[in-house]
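Step one of this worksheet: look at the structure below.
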Amino acid sequence: MRRVLTAFLLLHVSLFAETLVLEHFKANVFAKSDKKPVEVTVGLIFEGKEVKLYEYKVVDALNIVIGSYFAEDLVTSRGKELLKATLIAYAKKTHALVIDTVYIKELTVKTNPTTQEIVEAIKKEGVFQQQQQNAAPKQQQHQQSQQLNLAPPLPKRSLIPEENAVNF
């Protein structure tokens, strides 16, 4: 009898649970190391009572909670579990929204490199060195052609005498 009652109770709860899928949700968080903003893209699945109806509350709670994390914390398994637990607790406390479970479908962290970091990465790859090596033979050819030019420079003044000028 207990098993039937438990199965009925679980079935009853699951019938009223809704699923909300948020894909490609983007937020900016800070990195611990250099305090620069980092773009985080998250795909989450929420299960709970009336989560579809109050989707705006779920999105608000996600914005608030994810903004309180550093990028390095979000990529660890402990950080992900803490994010889910904090999100459920915050939604319940602030919006009186019951979220039973949060599933992480996608979580990517994209840094915004500075120009100096891009130049350093290109130098590491050797692309810059290859271009310099290709340019070096062209420069040598250009210098050789300049060295072989034995013609005298053209005069800066006219060789035709002017009427009122003193010509040397």
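Throughout, read-outs are computed from the coordinates displayed, never taken from laboratory work. These numbers were taken from a predicted model, which means no experiment stands behind them. For neighbour counting, all protein chains shown are included, and Cβ atoms are generated from backbone atoms with ideal geometry for every residue, glycine included.
For this structure, a couple of remarks:
- Local charge for Ala17 was computed over the other residues whose Cβ lies under 12 Å away, with Lys and Arg +1 and Asp and Glu -1, and equals -2.
- Each Lys or Arg adds one and each Asp or Glu takes one away; over the other residues whose Cβ falls under 14 Å from the Cβ of Glu117, this sums to +1.
- Radius of gyration and Dmax over the Cα atoms of the range 48-109, both given in Å: 11.4, 33
- Placing dummy labels 7 Å off each Cα toward the beta-carbon, the span from Lys52 to Val98 is 1.7 nm.
- Amide H contacts of Asp100 (H built 1.01 Å from N, under 5 Å, at least 5 apart or other chain): Glu47, Gly48, Lys49
- For Val42, net neighbour charge (Lys/Arg +1, Asp/Glu -1) across residues whose Cβ lies under 14 Å away: +1
- Taking a point 7 Å from the Cα of Asp73 along the Cα-to-Cβ direction, the residues of the range 29-64 with backbone N closer than 19 Å to it are 29-43, 60-64.
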